[in-house]
Amino acid sequence: MRVILASSEVFPYSKTGGLADVAGALPKALARIGCDISVVAPRYIGLGRRHGDISDDHTGELLFDDLSIPFAGGVRYAAVWRDWMDGAPIYFIDNAEYFGHGYIYGSGNFDVERFAFFSRASLELAKRIGGPPDIIHCNDWQTGFIPAYLATAYAGDSFFERTATLFTIHNLGYQGFFDPNLLSHLGFAWDVYQYGMEFHGMASAMKSGIYFSTALSTVSPKYAQEIQTPEFGNKLDGLLRWRRIDLIGILNGVDYHEWSPETDRNIAVNYSINDLGGKLECKRDLLQRYRLPADLEKPVVAIISRLTTQKGIDLVAQSIWRMLEAGALFIVLGSGAESYENYFQHVRDTLPQQVGVYFGYNNTLAHQIEAGADMFLMPSAYEPCGLNQMYSLKYGTVPIVRGVGGLDDTIHNFERATEKGNGYKFYDYSPDRLIEKFYEALMVYYDRDLWRKLQRNGMHADHSWDRVAHDYFDAYQRVAAAKK
Ligand code: ADP
Ligand code: GLC
């Protein structure tokens, strides 16, 4: 089974969110079970430490500098670098015009052009690095043109004759909309737009991936169902219902090499399910970092998030005062909408002894928060999978979530009577429901033995990629067979 996985972000080279974690871990797990997998990603220049720390000396060796790519009415060139993610090679497409601007995502038509170029370059790369792939595994709109190019520009190309595509939806909320006038520049005919990319007068790269791929997956079973409904389907639910036989949900895994309190080198003291003593030291350390008093008795409630409406930040904003009134300490790590940052800054300025904020991207701090916090909030409006709730489980940090997407699949209410469950979950999108769950958690928090039980229930969970990799491997085999 020969697979090429294309992703616009891959941890530890580049990251804005969970896609990077998935693309950084799944290939390693697949390689471990004998899958011949290569990763392809853009080589961003000048990111600094803002989104991971890709840099000139971080992308391995220069393989060749003459990859020619038919694009934008002519031929463009890219250099190709190669590094190793344990057993899986990662190839970087290096073109300064498109990826040399010091950011991962911009906006508008130029962004779509950048990733159309990346998509086309990935296909040209495939021809240079070995035999035909059985599967090209595409991820989100940035790679949504790969299946479309295969179905059009490469339709008669014998190299890709037996190549199937799996298109994974990580987030339907970002679609890569563009002006249909750009189509010919990207190398597509008008009819391709009409049946496979048109979206209410605009064009959508996400729709392209959904329409042209051999098969589809998304990152949790629940989200696979949800996106077929108008509420969560972002106006693509009709198309997704049409393709439902080809759509599966595979829950993301966790890279426990990165995210385990036993071995995590970012945290003050390591600890384990058998000895949670170190977690208190991590809490002390975290409070100190955020310049908060060492009130170790008080519960520390945290969020680590992109500050967008997706993440239910307005529910947090509407309930934070009540949590603070109940004596909680509150910690924020996030970046995104300025209005949310300003709001949390205002809360901090009002109660500096109880609230700590850090705006920006900080991976080390994310680990320190998972280790040092008592409760973790994820009241998302929608959540394809969500990784932080699974990291929280491993660190004995109790998640309080809204029951959508992967959050519903992974978090189960803790019941005092049975002592079963690993966190707290509510359904209505309402600050009152969130607060109810917070109070429920608080009651248990003050009952030390019961809280330990709840923490341990979470720490027992095994979401390792090694298990999930088998699901992908099976899916690859089915999809490849369907193509042949
Ligand atoms: P999403 O991909 O929708 O943002 P996930 O829960 O799947 O949500 O993944 C988010 C990932 O990004 C996690 O690894 C989380 O720790 C990380 N993350 C989010 N915000 C920050 C931040 N400000 N600093 C560091 N890491 C962050
Ligand atoms: C997206 C989703 C998130 C998911 C991640 C990785 O960013 O918002 O829920 O965990 O992709 O699949």
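Can you compute 3J(HN,Hα) from phi for each residue in region 390-399, using the Karplus curve 6.51 cos²θ - 1.76 cosθ + 1.60 with θ = phi - 60°, rounded to whole Hz and x for Gly and Pro?
6, 4, 4, 3, 5, 8, x, 9, 7, x
Report the per residue volume, in Å³, of the convex hull enclosing the C-alpha atoms of region 277-462.
105 Å³
Using the Cα centre of the chain as the reference point, and only Cβ charges (+1 on K/R, -1 on D/E), how large is the resulting charge dipole? Debye, rounded to the nearest 20.
Here the size comes out at about 480 debye.
Order 218-231, 444-457, 374-387 from most to least packed using the mean count of other Cβ atoms within 10 Å.
Those peptides, ordered most packed to least, come out 374-387, 218-231, 444-457.
In region 277-462, what percent of the accessible surface is made up of carbon and sulfur (1.4 Å probe, ligands and nucleic acids excluded)?
Accessible surface attributable to carbon and sulfur in region 277-462 totals 48 percent.
Once label points are set 7 Å from the Cα along Cα→Cβ at both Arg456 and Met443, what is their separation, rounded to one decimal in nm?
Result for the modelled spin labels: 2.2 nm.
Are any of the pairs Lys28/Lys453; Lys127/Lys483; Lys15/Lys298; Lys15/Lys283 more than 30 Å apart by Cα-Cα distance, and if so, which?
From the list (Lys28/Lys453; Lys127/Lys483; Lys15/Lys298; Lys15/Lys283), the Cα-Cα distance tops 30 Å for Lys28/Lys453; Lys15/Lys298.
In whole Å, how far is the Cα centre of region 466-484 from that of region 130-165?
Between the Cα centre of region 466-484 and that of region 130-165, the gap is 16 Å.
State the answer as a single residue: which of Met85, Leu47, Thr418 lies farthest towards the positive end of the charge dipole of the chain, with beta carbon charges of +1 for Lys and Arg and -1 for Asp and Glu, about the Cα centre.
Thr418
Each label point is 7 Å from the Cα along the Cα-to-Cβ direction; what then is the distance between the points at Val75 and His200, in nm?
Here the answer is 4.2 nm between the modelled labels.
Among the lysines, which have Cα under 20 Å from the Cα of Lys207 when same-chain residues fewer than 8 positions away are ignored?
List returned: Lys235.
Let me understand the chain better: what is its radius of gyration from the alpha carbons, and its Dmax, in angstrom?
Spelled out, the Cα radius of gyration and Dmax of the chain are 22.7, 69 Å.
When the Karplus curve 6.51 cos²θ - 1.76 cosθ + 1.60 is applied with θ = phi - 60°, which whole-Hz ³J(HN,Hα) does each residue of region 238-246 get, with x for Gly and Pro?
Rounded to whole hertz, the list is x, 4, 5, 5, 4, 9, 5, 5, 9.
For the chain, what is the accessible area per residue in Å², given a 1.4 Å probe and the full set of protein chains?
Each residue of the chain exposes 38 Å² on average to a 1.4 Å probe.
Residues of region 240-282 with the amide nitrogen closer than 17 Å to a label point 7 Å from the Cα of Asp466, along Cα-to-Cβ, please.
Counting backbone N atoms under 17 Å from the label point, the list is 253-263.
Given H placed 1.01 Å from N in the peptide plane, which residues other than close sequence neighbours of Ala302 have an amide H under 5 Å from its amide H?
Here the answer is Ile331, Met375, Phe376, Leu377, since their amide H atoms fall under 5 Å of that of Ala302.
May I ask you to evaluate 6.51 cos²θ - 1.76 cosθ + 1.60, the Karplus curve with θ = phi - 60°, for each residue of region 184-189 and list the ³J(HN,Hα) values in order in whole Hz, giving x for glycine and proline?
With the stated coefficients, region 184-189 comes to 5, 4, 7, x, 10, 7 Hz.
What is the extension gain from Thr263 to Ser339, computed as 0.36 nm multiplied by their sequence separation minus the C-alpha to C-alpha distance, in nm to one decimal?
Gain on extension, Thr263 to Ser339, equals 23.7 nm.
If each of Asp65 and Arg348 carries a label point 7 Å out from its Cα toward its Cβ, how far apart are those two points in nm?
4.4 nm
The values are calculated or read from the model by the stated rules, or taken from the named source; none is laboratory data. It should be emphasised that the depicted structure is a prediction, and the values quoted were computed from it without experimental measurement. Counting neighbours? That spans all protein chains shown, and the Cβs are built from the backbone with ideal geometry, glycine included. Ligands, DNA and RNA are excluded from the accessible area calculation, which covers all protein heavy atoms including side chains. Shrake-Rupley method; radii C 1.70, N 1.55, O 1.52, S 1.80 Å.
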